[in-house]
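Here the structure comes first, spelled out in C-alpha cells, and everything after it is commentary.
The values are calculated or read from the model by the stated rules, or taken from the named source; none is laboratory data. All values reported here derive from a predicted model rather than from experimental measurement. When we count neighbours, we look across all protein chains shown, and the Cβ atoms used for this are built from the backbone with ideal geometry, even at glycine.
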Amino acid sequence: MATRARRPERREKPLSRERIVEAAIWLLDASGEGGLTFRALAERLATGPGAIYWHVTGKDELLNAATDAVVAGTMTAGAAEATPKEAIHTLALGVFDAIDAHPWVGTQLALAPSQPPMMRVFEHIGRQVQALGVPRAAQFSAASALLNYILGVGGQNAANARGCRPGTNRAEFLNTTAAAWANLDPDEYPFTRGVADQLRDHDDRAEFLAGITLILAGITAVHSPAA
C-alpha cells in the first residue's frame, strides 16, 4: 500500500512579535495600509489571528511597530568624528530613503507625531541641533524646521513615485512633467518655465540634501555664537 507523503510543516519558526512585524512590513510594502489585515497577516504567517493577538493588540499598534522597525534602521551612530551637520545629513538621507522604499512610513510618521517612531527621529535631530550650539530657546524651532522638511520632501517624493502610471519609470515621469512645465503660459509662469530643464535632469536625493544644507546654513547663520 502506498504511503501518503507527510504534509510539510507550514510554520518553521515559532511565532514572535518580530516575525509578525516583519510580515506586516512585507504586506504594507506590497499592498499599502489597506492591505494590512489580520486575516492577510495570519495567512502570511500560516497561523490564526488569535495567535497574533497574543503579541499585538491591534492594527494601530502593529503599524507603529512596523514604522518603528523601519525608522530604527536609519538611526545609525555614524562615525565618531562626524560633525553635527554631517550627522544630520546622514540621518535625513536615511529617513528619505526609508520613505522612498516604504511609502507608508511617511504617512504613519505624520499621523502619529507623539509615537516612538516620530519621537526617535525628532530626538536624533534635536541632539545634533544642540551640538551645533543653537541657543536653547531656538532649538525646538530649528529641529522642527528640519523634521518638517525631511518628512515633507520625503513624503512628496514617495507620492510622486506612487503617482506614476504603471510601467512609467522616473526618467519618463520627469521628462513628461518638464515638458508640461515648459509649455506653461510664459506670462503667468515665467520662473517655472525657466527651470523646466533643471527638473528633467535633477537628482531627487541630491536636491533633497541641498535643501538640508540650505536649512542648516540658515540655522547656523542666525544662531551661531558670533551671530
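What helices (runs of 4 or more DSSP H) lie completely within the stretch 44-149 and have 1 or more residues being out of contact with any Leu (no Cβ under 8 Å at 6 or more places or on another chain) and closer than 29 Å to residue 222 by Cβ?
Fully inside the stretch 44-149 and qualifying: 84-101, 116-131.
Any residue at all in the stretch 80-93 that's buried (at least 17 other Cβ atoms within 10 Å of the Cβ), at pLDDT below 95 and not assigned by TED's automatic domain parsing to the domain that holds residue 146?
There is no residue in the stretch 80-93 that is buried (at least 17 other Cβ atoms within 10 Å of the Cβ), at pLDDT below 95 and not assigned by TED's automatic domain parsing to the domain that holds residue 146.
From the list 97, 68, pick out the single residue that is acidic (Asp, Glu), under 17 Å from residue 149 (Cα atoms) and surrounded by 13 or more Cβ atoms within 10 Å (Cβ to Cβ).
Numbers: 68 fails: under 17 Å from residue 149 (Cα atoms).
Step by step, each of 97, 68 is checked, and only 97 is acidic (Asp, Glu), under 17 Å from residue 149 (Cα atoms) and surrounded by 13 or more Cβ atoms within 10 Å (Cβ to Cβ).
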